[in-house]
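Visitor: Below is the structure I would like to discuss, written out as structure tokens.
The values are calculated or read from the model by the stated rules, or taken from the named source; none is laboratory data. Owing to the predicted nature of the structure, the values given are computational and were not obtained by experimental measurement. Cβ placement follows ideal geometry from the backbone for every residue including glycine, while neighbour counts extend to all protein chains displayed.
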Amino acid sequence: MKRKLPVVKNQKLEATIVDLTYQGMGVAKVEGYSLFCDDALPGEKVKLHVLKVGKNFGYAKVIERLTTSPDRVTGKGKAYSQTGIAPLQHLAYPAQLKFKQKLVSDLLQKAHLADLAVEQTLGMAEPYAYRNKAQVPVREINGKLTAGFFKRGSHNFLPLTDFLIQDKRIDEVIQKVLAILQKNQVTAYDEATHSGILRHIMVRRGHYSKEVMVVLVTRTNKLPNKEAIVNEIMAACPDVVSLQQNINSKQTNVILGDKTQVLAGKEYITDQLNGLKFEISARSFYQVNPTQTEKLYQEAIKRAGLTGNETVIDAYCGIGTISLSMAKHAKKVYGVEIVEAAIADAKKNAALNNLDNLEFEVGNAEDWMATWQEQGIKPDVIMVDPPRKGLTQSLIESAAKMQPKKIVYVSCNPATLVRDLQSFMELGYDVTQPILPVDQFPQTAHVETVTVLERKKRE
Ligand code: SAH
């Protein structure tokens, strides 16, 4: 029999917000049925308009806020939550940090791991303008090239000049570049007709080096008045050390295409993390919040308890940022990463820092873990920093078979972290220190954590 749902579409009702989702939406419960809504905080009484009713949960819009949470802050503007750039911007920062801690402990509790402690979230002193990288879509509004963002879950374009969480210089460079392109008859991409020229502008800026990279993402090879554009950008923004064009001819949401060419300057920018130098090219994965990344790595290294004698494996090593940081405190570090270009960068970065105790391999972390295990490599510490989907069972098994004293798990998704911790526990590992959330993404609901597992002592 079909269960009767307690709400219907278009119904208006009063409810109290009881929780926030991992995307930062408020949750109201009606007879146990969850309704999700934007811009609503726990404790607030609201009048809702039900927009969508699904079998297990629905969506609603707040039509009136009847009471206001003491944690609510105003003044930044609703646009930021609507675009998903800063879905938690209406929540005071100390409450954001508490929310992230609670999100991890709630997941542990659901998995019957309530006895694992979660530390207070390590926050940022100034939780805005932290991103060192921007990829903003460009559209034509009233005949003008305009940067902005799409409303969450839609193709509605919202113009923006201040992106709130991006390095302010990046915001400035975007406006300067747009003015130059406009003057030189560059048109904006039009999604509906798959015509026009400029799709996105990507900008990266070194936090310490202050070097700027600008990548113009165009639909075809064609860029009118290319020479004038290049000269004018380089003259208007003396800090641009790398100007590139990326060509993306596909009808897709993916931002970068396969072809990139340097229009002026170098192929990369350099920056530093904890005193180590890195070369970062247009396509490399590089952590977007440099100050918090330094803290995250320091905590991971401290918790790994390195003394200089250890063999370390860094799975999912990217361009080697964690590997190099660990190599300074270990005997030998093995890194593996699936993107070939990232490993090329990792090797270059090791040389750049005069470190010769690292070996990097291209491939699947899972396969290399099994290979290293067969080769008899005995790591003291295994470091994992996987993408959102977490680890595979086979990687977990290979890691456990090598019997490292410690496994340090850096995670960007607490849900898969908790699942993987359960697997490690079944294979003889225990979480031995409180889990530490580090706020890499203030104003958003993303949570990054460091967890330490140690091999259980035999009785
Ligand atoms: N530790 C790095 C990168 C972490 S992001 C840093 O802090 O900068 C996760 C990385 O895992 C990405 O670089 C991604 O390319 C890589 N990756 C994804 N799936 C992988 C797999 N199956 N095997 C190895 N690396 C993988």
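Visitor: Look through 258, 314, 239 and report the one residue that is more than 13 Å from the ligand (Cβ to nearest atom) and either touching a residue at least 60 places away in the same chain (Cβ under 8 Å) or in contact with a Gly (Cβ under 6 Å, 6 or more places away or on another chain) (or both).
Guide: 239
Visitor: A further question follows. For segment 269-279, which positions are touching a Phe, Trp or Tyr at 6+ places or on another chain (Cβ under 8 Å) and within 13 Å of the ligand (Cβ to nearest atom)?
Guide: 271, 273, 274, 278
Visitor: Are any of the residues in segment 365-376 within 18 Å of residue 275 (Cα to Cα), surrounded by 18 or more Cβ atoms within 10 Å (Cβ to Cβ) and of a type in the set (S, T, N, Q)?
Guide: No, every residue in segment 365-376 fails to be within 18 Å of residue 275 (Cα to Cα), surrounded by 18 or more Cβ atoms within 10 Å (Cβ to Cβ) and of a type in the set (S, T, N, Q).
Visitor: Here's another thing I want to ask about it. Does at least one position in segment 392-410 carry a residue that is under 16 Å from residue 116 (Cβ atoms), at pLDDT 95 or above and under 15 Å from the mean Cα position of the chain (by Cα)?
Guide: Checked segment 392-410: no residue is under 16 Å from residue 116 (Cβ atoms), at pLDDT 95 or above and under 15 Å from the mean Cα position of the chain (by Cα).
Visitor: Listed residues 101, 135, 96; which is polar (S, T, N, Q) and closer than 30 Å to residue 215 by Cα?
Guide: 135
Visitor: Moving on. Just checking, does segment 394-404 include any residue being surrounded by fewer than 21 Cβ atoms within 10 Å (Cβ to Cβ), within 30 Å of residue 110 (Cα to Cα), in contact (Cβ under 8 Å) with a residue 40 or more places away in the chain and near the ligand (Cβ under 10 Å from one of its atoms)?
Guide: Scanning segment 394-404 turns up no residue that is surrounded by fewer than 21 Cβ atoms within 10 Å (Cβ to Cβ), within 30 Å of residue 110 (Cα to Cα), in contact (Cβ under 8 Å) with a residue 40 or more places away in the chain and near the ligand (Cβ under 10 Å from one of its atoms).
Visitor: Another question about this same structure. Name the strands (runs of 3 or more DSSP E) wholly inside segment 162-270 in which the number of residues that are surrounded by 15 or more Cβ atoms within 10 Å (Cβ to Cβ) and touching a His at 6+ places or on another chain (Cβ under 9 Å) is 2 or more.
Guide: 212-218
Visitor: Looking at 88, 158, 116, can you tell me which residue is in a loop (DSSP other than H, G, I, E, B) and touching a strand residue (DSSP E or B) at 6+ places or on another chain (Cβ under 6 Å)?
Guide: Answer to the check: 116.
Visitor: Take residue 350 and decide whether it is in contact with a helix residue (DSSP H, G or I) (Cβ under 7 Å, 6 or more places away or on another chain) and closer than 15 Å to residue 387 by Cα.
Guide: So residue 350 fails the test.
Visitor: What tally of residues in segment 55-81 results from selecting those that are modelled with pLDDT under 95, farther than 13 Å from residue 26 by Cα and either polar (S, T, N, Q) or assigned to a loop (DSSP other than H, G, I, E, B) (or both)?
Guide: Of the residues in that region, 8 qualify.
Visitor: Considering (1) buried (at least 17 other Cβ atoms within 10 Å of the Cβ); (2) without any contact (Cβ under 8 Å) to a residue 40 or more places away in the chain; (3) closer than 24 Å to residue 138 by Cβ, say which one residue 294 fails and leave the rest.
Guide: All conditions are met except number (3).
Visitor: Having 1 or more residues that are within 30 Å of residue 83 (Cα to Cα) is the bar; report the strands (runs of 3 or more DSSP E) wholly within segment 403-459 that clear it.
Guide: It comes to 406-411, 436-438, 448-455.
Visitor: Take the residues in segment 274-286 that are farther than 21 Å from residue 247 by Cβ and either more than 20 Å from the chain's Cα centre (by Cα) or buried (at least 20 other Cβ atoms within 10 Å of the Cβ) (or both), then tell me which one is modelled with the lowest pLDDT.
Guide: 286
Visitor: Any chance segment 43-63 includes a residue that's among the hydrophobic types (A, V, I, L, M, F, W, C), within 15 Å of residue 99 (Cα to Cα) and surrounded by 17 or more Cβ atoms within 10 Å (Cβ to Cβ)?
Guide: No: zero hits.
Visitor: In addition: Restricting attention to segment 280-290, does a residue exist that is part of a loop (DSSP other than H, G, I, E, B), polar (S, T, N, Q) and either within 8 Å of the ligand (Cβ to nearest atom) or over 21 Å from residue 336 (Cα atoms) (or both)?
Guide: There is at least one residue in segment 280-290 that is part of a loop (DSSP other than H, G, I, E, B), polar (S, T, N, Q) and either within 8 Å of the ligand (Cβ to nearest atom) or over 21 Å from residue 336 (Cα atoms) (or both).
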